[in-house]
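The structure appears below as structure tokens.
The values are calculated or read from the model by the stated rules, or taken from the named source; none is laboratory data. Please read these numbers as outputs of a predicted model, since none were measured by experiment. Every residue, glycine as well, gets a Cβ built from its backbone with ideal geometry; the counts of neighbours run over all protein chains shown. Side chains included, ligands, DNA and RNA excluded: accessible areas come from the protein's heavy atoms. Shrake-Rupley method; radii C 1.70, N 1.55, O 1.52, S 1.80 Å.
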There are 2 protein chains.
Amino acid sequence: MRSVFVAGVGSTAFGRHPDIAIEALAVRAADAAIRESGLDRAEVGALYLGNFVAGPLLGQEVLAGLVADGLGLPQIPCTKVEGACASGGIAFRHAYLAVATGMCDVALAVGAEKMTHADTAAVTSALNCAMDFRSDGVSGLTFPGLFGLAWRLYEERYGATRDQISEVVRKNKGNGLRNPLAQMGADLSRAEIGEARLICDPLRLYDCCPASDGAAAVLLVAADRLADVVPQPVEVIASAQARGSARIAGHPDLCTFEATVAAAQGAYRQAGIDPAEVSFVELHDCFSIAEIIDSEDLGLIPRGQGAAYAAEGRTAVRGDRPINASGGLLAKGHPVGATGLGQIYESVLQLRGTHPNQVKGATIGLTHNLGGTGVACTVNILRATDA
Amino acid sequence: MRSVFVAGVGSTAFGRHPDIAIEALAVRAADAAIRESGLDRAEVGALYLGNFVAGPLLGQEVLAGLVADGLGLPQIPCTKVEGACASGGIAFRHAYLAVATGMCDVALAVGAEKMTHADTAAVTSALNCAMDFRSDGVSGLTFPGLFGLAWRLYEERYGATRDQISEVVRKNKGNGLRNPLAQMGADLSRAEIGEARLICDPLRLYDCCPASDGAAAVLLVAADRLADVVPQPVEVIASAQARGSARIAGHPDLCTFEATVAAAQGAYRQAGIDPAEVSFVELHDCFSIAEIIDSEDLGLIPRGQGAAYAAEGRTAVRGDRPINASGGLLAKGHPVGATGLGQIYESVLQLRGTHPNQVKGATIGLTHNLGGTGVACTVNILRATDA
């Protein structure tokens, strides 16, 4: 496997983009990544596109080819990949593999989603495509329902409180306020969070990420092309993907996702590092409780202490374990297919030292993208290089 | 790149499967492929699943993970890939790459689709997701419309007749009659074909492939695992994927698909062979005229002579250029995500010498899977090995 570097990143703001088609949104992000790199687009040898629900919500598939058309790329292999909410991370991993295995020297990963044009029932129904329809979907369960169950179990087992979990929301919403790409940053009090409109007991409004439109893109290159890259390159030192059960009853424990654990172990092994060496993390906080579970599954925080860490400020930008300095899914937004690549975008800015919520001394960043009821997960680890 | 071999294949019949879920259909085919190989399923290191319209038609995504669950595979990376009707071929290529690049020693490619439960309007609308919705979809054009245009242009340019093109249908329907997996084999006269119900002028009923349910799977292994493989292995000597325009107006000529030409050139180059060395072909005859265009794009038949070759019987099982001995999409059926893997299944049987429509002396087979309006194409070349 060859060394692989990020040569350029691009992203639209996450939020509402009513007047632009999904493929145009993706082209905007990808064009920015290519231009930033300084490389010629004729050199791109493979394109992977992460998207989840453009079929049901927009009647549009073949997005990989459409985006390549819009970018004016050569007749390269263009592939849409899907693993529910992990689709963006899977696209990144496949572009990484294309370069790492020597298939090509330059590969493009793009993620895109449009959701805000659809009504809540249509969005809920589309997101439920991420469940096993026959075993879970027909029960009437939705994703807030699943994470509500996980919250109840977690609080019962570890004694976490609503106020502690609200601190995840306060932190991420506050981080989002300072991220110009974020959809819903806010300065919220514990009371505003804990007394907000009930969505699915015990989850309240701000415990849930919004529906979003957005696109993000990452251009990857082999080491021997680094001399041609304009911005400070960032090295990809691990990219792992694992699966877990697609059924809720297939998980032995709702306070952990085995796909996260397996992908994290694989990524740490590939990178040759311990969790303690990670400077910051962008993880899949689709719900406030998810951030706590994910941070423990990733080995960053001891089991059962995620809520306490949040309450003590240890996961803040200036804490010893910074999580979701971008605002995360809760505040930055969750345009599903774009989310995993948005995490890479944020991490690259951190490792270049140019993030609006810069983590001091950031040298190693980890991204975590989880799909469905834990059916798919990617964990990537990036490292800063000297300019 | 390491040598890669087919260790096992499996397929359901193509046709109507009203009483079985799509993931169960896929598991049935994949389980057969694994069992045939004699390998332990714990050794499978990656799964790629080709599917196109399970989102819109079944409300079910994350099929890669669901199928892995059903098969009892380890916590491996499981990825759905999509490139419209080329999704199955793309899944095969990615499983091939996983082994060829050394990512794993054993990889599984599965394709599945369920369409016959939905009404014609829903199926047409789902298939139109393969077009650029904004430029072509809104015009009211459907795929029969596109291939009707291609037919008119082809007959104007090359002087092909309805009777000549009907011979493609007669051949494929006849081949289907002898393939136990085929959905709609038939013994049809030229008159029955030429006077059948008009679908989209000049296409009549038998010029169009049916909507189908079905699944097919291929297990691939690295050369150093061949000693453990039970059936006669078949080598994959090329796997290429290319893109073309996603828009109809983006094609310089409707009598050719540039994605096919590019993928074919890439595949012949990788295999180090000429088109003349290919013993038989399974190609993407979604419509009768498509078989003629594809056979010319693949360099198998000189430009403008595809219809004459069919009329002269040269593309029959006993001809000098056998095409779609399986019955092709026209007779075997077109469960979209499964089609590309069904073509590999048929080719492996040919190269083992066990096909119900055996091509004599078959040593090299080519499969061709085309997506959308030519937006994505895969071409694979397989070679027989001695037992």
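Scan B:E82, B:E155 and give me the residue that is modelled with pLDDT of 95 or more and outside the structural domain of B:D228 (by TED's automatic domain parsing).
Criteria check complete, one pass: B:E155.
Report whether or not B:V348 is β-branched (V, I, T), closer than 24 Å to B:A30 by Cβ and within 14 Å of chain A (Cβ to nearest Cβ).
Judged against the criteria, B:V348 is not a match.
Among the numbered criteria (1) of a type outside the set (D, E); (2) at the interface with chain B (Cβ under 7 Å from one of its Cβ atoms); (3) open to solvent by less than 10 Å² (accessible area, probe 1.4 Å), which one does A:A21 miss?
The failed condition is (3).
Per-residue answers, yes or no, for (1) free of Cβ contacts under 8 Å to residues at least 12 places away in the same chain; (2) surrounded by 23 or more Cβ atoms within 10 Å (Cβ to Cβ); (3) under 29 Å from B:V6 (Cα atoms); (4) under 9 Å from the mean Cα position of the chain (by Cα):
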position	(1), (2), (3), (4)
B:A308	no, no, no, no
B:E312	yes, no, no, no
B:T315	no, yes, yes, no
B:I323	no, yes, yes, no
B:S326	no, yes, yes, no
B:A331	no, yes, yes, no
B:P335	no, yes, yes, no
B:A338	no, yes, yes, yes
B:I344	no, yes, yes, yes
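Specify the residue that is most open to solvent (accessible area, probe 1.4 Å); the eligible residues are those in region B:87-114 that are part of a loop (DSSP other than H, G, I, E, B) and either at the interface with chain A (Cβ under 9 Å from one of its Cβ atoms) or out of contact with any Gly (no Cβ under 9 Å at 6 or more places or on another chain) (or both). Even if it seems obvious, please write down each step before you answer.
Step one: filter region B:87-114 for residues part of a loop (DSSP other than H, G, I, E, B), giving B:101-105, B:114.
From what is left, the residues that are either at the interface with chain A (Cβ under 9 Å from one of its Cβ atoms) or out of contact with any Gly (no Cβ under 9 Å at 6 or more places or on another chain) (or both) are B:101-103.
Values: B:T101: 36, B:G102: 43, B:M103: 71 Å².
Restricting to residues being part of a loop (DSSP other than H, G, I, E, B) and either at the interface with chain A (Cβ under 9 Å from one of its Cβ atoms) or out of contact with any Gly (no Cβ under 9 Å at 6 or more places or on another chain) (or both), the top hit is B:M103.
Which is modelled with pLDDT of 95 or more, within 28 Å of A:P144 (Cβ to Cβ), assigned to a helix (DSSP H, G or I) and open to solvent by 40 Å² or more (accessible area, probe 1.4 Å), of A:A191, A:A259, A:A264?
So the residue among A:A191, A:A259, A:A264 that is modelled with pLDDT of 95 or more, within 28 Å of A:P144 (Cβ to Cβ), assigned to a helix (DSSP H, G or I) and open to solvent by 40 Å² or more (accessible area, probe 1.4 Å) is A:A191.
Whether any residue in region A:361-372 is part of a loop (DSSP other than H, G, I, E, B) and open to solvent by 30 Å² or more (accessible area, probe 1.4 Å) is what I want to check. Explain how you work it out, then say what you get.
Quick first cut of region A:361-372, residues part of a loop (DSSP other than H, G, I, E, B) only: A:361-363, A:372.
Remaining after also requiring open to solvent by 30 Å² or more (accessible area, probe 1.4 Å): A:361, A:363.
There is at least one residue in region A:361-372 that is part of a loop (DSSP other than H, G, I, E, B) and open to solvent by 30 Å² or more (accessible area, probe 1.4 Å).
For B:R225, all conditions in the list (1) of a type outside the set (A, V, I, L, M); (2) more than 25 Å from B:E113 (Cα to Cα); (3) not assigned by TED's automatic domain parsing to the domain that holds B:V9 hold save one; what is the number of the exception?
(3)
Is it the case, given these coordinates, that A:P275 is crowded, with 22+ Cβ neighbours inside 10 Å and farther than 24 Å from A:G83 by Cα?
So A:P275 does not fit the description; no.
Got a number for residues in region A:67-79 being open to solvent by less than 10 Å² (accessible area, probe 1.4 Å) and touching a residue at least 40 places away in the same chain (Cβ under 8 Å)?
2
Within region A:28-63, which residues are without any contact (Cβ under 8 Å) to a residue 24 or more places away in the chain and out of contact with any helix residue (DSSP H, G or I) (no Cβ under 7 Å at 6 or more places or on another chain)?
Across region A:28-63, the qualifying residue is only A:D40.
When you scan region A:115-142, how many residues do you find that are of a type in the set (D, E) and open to solvent by less than 50 Å² (accessible area, probe 1.4 Å)?
2
Hey, A:S166 hits all of (1) at pLDDT 95 or above; (2) open to solvent by 10 Å² or more (accessible area, probe 1.4 Å); (3) among the polar types (S, T, N, Q); (4) part of a helix (DSSP H, G or I) but one; which does it fall short on?
It fails just one condition, (2).
Would you mind finding the one in A:Q241, A:Q232 that is outside any helix (DSSP H, G or I) and open to solvent by 40 Å² or more (accessible area, probe 1.4 Å)? Explain how you work it out, then say what you get.
Values: A:Q241 fails: open to solvent by 40 Å² or more (accessible area, probe 1.4 Å).
Of A:Q241, A:Q232, the one residue that is outside any helix (DSSP H, G or I) and open to solvent by 40 Å² or more (accessible area, probe 1.4 Å) is A:Q232.
Quick check on region A:19-27. Is at least one of its residues under 23 Å from A:S239 (Cα atoms) and either touching a helix residue (DSSP H, G or I) at 6+ places or on another chain (Cβ under 7 Å) or in contact (Cβ under 8 Å) with a residue 40 or more places away in the chain (or both)? Let's see the steps before the verdict.
First, the residues of region A:19-27 that are under 23 Å from A:S239 (Cα atoms): A:26.
Now narrow it down to the ones that are either touching a helix residue (DSSP H, G or I) at 6+ places or on another chain (Cβ under 7 Å) or in contact (Cβ under 8 Å) with a residue 40 or more places away in the chain (or both): A:26.
Looking through region A:19-27, at least one residue is under 23 Å from A:S239 (Cα atoms) and either touching a helix residue (DSSP H, G or I) at 6+ places or on another chain (Cβ under 7 Å) or in contact (Cβ under 8 Å) with a residue 40 or more places away in the chain (or both).
Which residues, counting only those in region B:194-218, are buried (at least 20 other Cβ atoms within 10 Å of the Cβ) and not in a loop (DSSP other than H, G, I, E, B)?
Listed by number, the residues that qualify are B:L203, B:R204, B:Y206, B:D207, B:C208, B:A211, B:D213, B:G214, B:A215, B:A216, B:A217, B:V218.
Residue-by-condition table, conditions (1) at the interface with chain B (Cβ under 10 Å from one of its Cβ atoms); (2) surrounded by fewer than 22 Cβ atoms within 10 Å (Cβ to Cβ); (3) under 19 Å from B:D132 (Cβ atoms):
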{"residue": "A:G38", "(1), (2), (3)": "no, yes, no"}
{"residue": "A:R41", "(1), (2), (3)": "no, yes, no"}
{"residue": "A:V44", "(1), (2), (3)": "no, no, no"}
{"residue": "A:L47", "(1), (2), (3)": "yes, no, yes"}
{"residue": "A:G50", "(1), (2), (3)": "no, no, no"}
{"residue": "A:G55", "(1), (2), (3)": "yes, no, yes"}
{"residue": "A:G59", "(1), (2), (3)": "yes, yes, yes"}
{"residue": "A:V62", "(1), (2), (3)": "yes, no, yes"}
{"residue": "A:G65", "(1), (2), (3)": "yes, no, yes"}
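Quick check on region A:230-250: of everything there that is within 13 Å of chain B (Cβ to nearest Cβ) and of a type in the set (G, A, S), which residue is farthest from B:E23 (Cα to Cα)?
From region A:230-250, those within 13 Å of chain B (Cβ to nearest Cβ) are A:239-250; that's our starting set.
Among the residues that remain, those that are also of a type in the set (G, A, S) are: A:239-240, A:242, A:244-246, A:249-250.
Numbers: A:S239: 28, A:A240: 25, A:A242: 19, A:G244: 16, A:S245: 14, A:A246: 11, A:A249: 17, A:G250: 16 Å.
So, considering only residues that are within 13 Å of chain B (Cβ to nearest Cβ) and of a type in the set (G, A, S), the one farthest from B:E23 (Cα to Cα) is A:S239.
Any residue that is in contact with a strand residue (DSSP E or B) (Cβ under 7 Å, 6 or more places away or on another chain), within 8 Å of chain A (Cβ to nearest Cβ) and among the hydroxyl-bearing types (S, T, Y) - is there at least one of those in region B:77-85?
We begin by selecting, within region B:77-85, every residue in contact with a strand residue (DSSP E or B) (Cβ under 7 Å, 6 or more places away or on another chain); these are B:77-85.
Filter again for within 8 Å of chain A (Cβ to nearest Cβ), leaving B:77-84.
Pick out the ones that are also among the hydroxyl-bearing types (S, T, Y) and you get B:79.
Yes, region B:77-85 contains at least one residue that is in contact with a strand residue (DSSP E or B) (Cβ under 7 Å, 6 or more places away or on another chain), within 8 Å of chain A (Cβ to nearest Cβ) and among the hydroxyl-bearing types (S, T, Y).
In region A:219-229, how many are in a helix (DSSP H, G or I) and either touching a strand residue (DSSP E or B) at 6+ places or on another chain (Cβ under 9 Å) or surrounded by 17 or more Cβ atoms within 10 Å (Cβ to Cβ) (or both)?
Count: 4.
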